[in-house]
């Protein structure tokens with residue numbers, strides 16, 4: 001299976017646990033744990049930690065500041081209620097120098113204001129198109145992995161040839177030009193992918209185009225691996241950080257669903273009311 005927007009790869013989890021088995025059923029079990037754990041982290045924190053290209057609608061605010069309903073990593077098009085595009089010279093982000101952004105503020109010097117739609121509707125009149133998600137260093141979130149060894153000539157091809165397939169692993173999100181892809185599997189330098197991932201648009205790509213791999217937020221990657229390994233150990237009834245219960249069948253060790261230290265880390269990232 002493909003891990004959909006997971007925060008760790010199968011290879012990372014197996015390396016962390018020093019699992020050398022190549023049993024397909026066991027791998028499928030771990031991959032399911034990774035995906036489920038990733039969605040648990042989203043639910044616990046009220047955020048998501050992968051890049052999603054999306055246009056989100058917002059109500060017209062009462063002042064210069066438009067508070068966003070999700071974490072924004074990059075704004076591509078800000079459109080006012082009257083359908084006029086607000087240029088980047090006319091607004092600033094909050095915070096100014098770090099990601100993710102939680103608000104867009106019109107500059108008083110721009111002499112514009114947030115406006116309703118042409119029919120006077122204030123609800124959902126503003127649209128913000130961009131890359132949404134949580135990463136505290138978006139400038140370094142995409143790591144250059146390799147280049148294309150051959151052009152991707154169509155928008156429907158599900159494999160491509162990389163100069164080197166070594167940097168890739170199933171479950172990774174990669175970017176070529178402005179298209180996101182999900183890595184399904186790798187065989188030597190042939191990478192099988194799902195195209196137009198997370199709201200991006202499938203496109204053709206030239207030979208030697210750069211291929212980037214998404215770097216998960218470090219503490220989120222670690223939290224995902226810790227929770228997955230806790231659940232994996234539970235499958236075999238052993239976990240040194242779990243709770244020991246004496247039953248008629250003997251001693252059963254039940255791990256915490258979320259290790260205490262991991263829970264503390266996630267609480268620091270939890271989205272508070274904006």
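Treat the count of other C-beta atoms within 10 Å as a stand-in for reagent exposure and order 94, 200, 109 from fewest to most.
Working: 94 14, 200 20, 109 8.
By the 10 Å Cβ count, ascending, the order reads 109, 94, 200.
Once a ≥ b ≥ c are taken as the square roots of the eigenvalues of the Cα gyration tensor of the range 1-110, is the result rounded (a/c under 1.5), prolate (a/b larger than b/c) or oblate (a/b not larger than b/c)? Spell out each step's value before the answer.
Numbers: a/c = 3.59, a/b = 3.25, b/c = 1.10.
Taking the square roots of the gyration eigenvalues as a ≥ b ≥ c, the range 1-110 is prolate.
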Q) If contacts are Cα pairs under 8 angstrom and at least 6 residues apart, what is the relative contact order of the chain in percent? A) 20 percent
Q | Per-q log10 I(q)/I(0), the range 19-68, q = 0.13, 0.15, 0.23, 0.28 Å⁻¹ (Debye; single scatterer per alpha-carbon; no solvent) | A | -0.57, -0.66, -0.94, -1.02
Q) Given the options 104, 207, 41, which has the most mean-square fluctuation in a GNM of the chain, springs set between C-alpha atoms less than 10 angstrom apart? A) 207
Q. Which of 46, 196, 170 moves the most in a Gaussian network model of the chain with Cα springs under 10 Å?
A. 46
Q.
Angle check, please: helix 260-269 long axis (alpha carbons) against the longest principal axis of the chain (alpha carbons), in degrees 0 to 90, nearest 10.
A. 10 degrees
Q. In terms of the Cα gyration tensor, with a ≥ b ≥ c the square roots of its eigenvalues, is the range 52-132 rounded because a/c is under 1.5, prolate because a/b exceeds b/c, or oblate?
A. oblate
Q.
Taking R0 as 45 Å, what FRET efficiency do you get between residue 90 and residue 204 from their Cβ-Cβ distance, rounded to the nearest 0.05?
A. 0.85
**Q.** Inter-probe distance in nm under a simple model that places probes 7 Å from Cα toward Cβ, at residue 118 and residue 17
**A.** 5.8 nm
Q: Would you mind getting the Kirkwood hydrodynamic radius of the chain from its Cα pairs, rounded to one decimal in Å?
A: 21.0 Å
Q) Angle between the Cα long axis of helix 218-235 and the longest principal axis of the chain, 0 to 90 degrees, nearest 10? A) 30 degrees
Q.
Under the rule a/c < 1.5 gives rounded, and otherwise a/b versus b/c splits prolate from oblate, where does the range 142-214 land using the Cα gyration tensor?
A. rounded
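Every number here is computed from the coordinates shown, using simple stated rules; none is lab data. Everything quoted here is computed from the prediction, not taken from an experiment. In this analysis, Cβ positions are derived from the backbone assuming ideal geometry, glycine residues included, and neighbour counts consider all displayed protein chains.
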